[in-house]
Amino acid sequence: MMRNMTNSLVEHERIVTTIQKAKAIKPHVEKLVTLSKDPAQHNRRRAFAKMRDKQAVQKLFDILGPRFKERPGGYCRILKLSKPRLGDGGERVILEFVERTPEVEETADVAE
């Protein structure tokens, strides 16, 4: 579960989960981002040993590592959602990176 959620967070940069899972995943992801600040081959192999996903490791080292190069820590945040989970009423949260990639917005050219 930890590996899958870590890979999803790196891939999508934002996931919705329960508060307990988010608190368990956050330190794991922050250590990987700290590791990705130094793009040495040894660090890539250490990250791959934890994540087991080539695309996620590549994004971690090519995009996220340089983005957080100057930041000393605190790469993720947990935002609580107001509505509980539908099945069991568990508290839902958003786990996301503090600095996200801006999403490409397609604007339609309207002829006037």
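Hey, if you put +1 on the Cβ of every Lys and Arg and -1 on every Asp and Glu Cβ in the chain, which of Ala24, Pro72, Leu86 ends up farthest toward the positive end of that dipole?
Farthest towards the positive end: Ala24.
Counting Lys and Arg as +1 and Asp and Glu as -1, each charge on the Cβ, what is the dipole of segment 2-97 about the Cα centre in debye, to the nearest 20?
Numbers: 22 positive and 10 negative charges, 35 e Å.
For this selection, approximately 160 debye.
Any idea how far apart Lys31 and Arg71 come out in nm if each label point goes 7 Å out from Cα toward Cβ?
1.9
Taking the Cα atoms of the chain, report the difference between the largest and smallest coordinate on each principal axis, in whole Å and largest first.
51, 48, 26
Which whole-Hz couplings ³J(HN,Hα) result when phi for each residue of segment 83-89 is put into the Karplus expression 6.51 cos²θ - 1.76 cosθ + 1.60, θ = phi - 60°, listed in order with x for Gly and Pro?
So the Karplus estimates, Gly and Pro as x, are 8, x, 5, 5, x, 10, x Hz.
Which helices count as membrane-span-like in the chain under these terms: full DSSP H, at least 18 Å along the axis by C-alpha, Kyte-Doolittle mean of -0.5 or more?
What comes out of the filter, once short or polar helices are dropped, is 19-36.
In whole angstrom, note down how far apart the Cα centers of segment 16-50 and segment 55-75 are.
Segment 16-50 and segment 55-75 have Cα centres spaced 10 Å from each other.
At 222 nm, what value in deg cm²/dmol follows for the chain if DSSP H runs of at least 4 each add -39500 (n - 2.57) and the sum is divided by all its residues, to the nearest 500?
-12500 deg cm²/dmol
Please list, by residue number, every one of the trypsin sites (Lys or Arg not before Pro) in segment 1-97 that is coil in DSSP and has at most 15 other beta-carbon atoms within 10 Å. Let's see the in-between values first.
On the way: sites: Arg3, Arg14, Lys21, Lys23, Lys31, Lys37, Arg44, Arg45, Arg46, Lys50, Arg52, Lys54, Lys59, Arg67, Lys69, Arg77, Lys80, Arg85, Arg92; in loops: Lys37, Arg52, Lys69, Arg85.
Answer in residue order: Arg52, Lys69, Arg85.
Give me the number: length gained by fully extending Asn4 to Leu81, i.e. 0.36 nm times residue separation minus the C-alpha to C-alpha distance, one decimal in nm.
On the way: separation 77, 0.36 × 77 = 27.72 nm, distance 2.18 nm.
Between Asn4 and Leu81, full extension yields an extra 25.5 nm.
At 7 Å along Cα-to-Cβ for each site, give me the label-to-label distance between Lys23 and Ala40 in nm.
In this crude label model, Lys23 to Ala40 measures out at 3.5 nm.
Every number in this text was worked out from the coordinates using simple rules, so none of it is lab data. In this text the structure is predicted, and so the values were computed from the model without any measurement. Glycine gets a Cβ as well: all are built from the backbone with ideal geometry, and neighbour counts include every protein chain shown.
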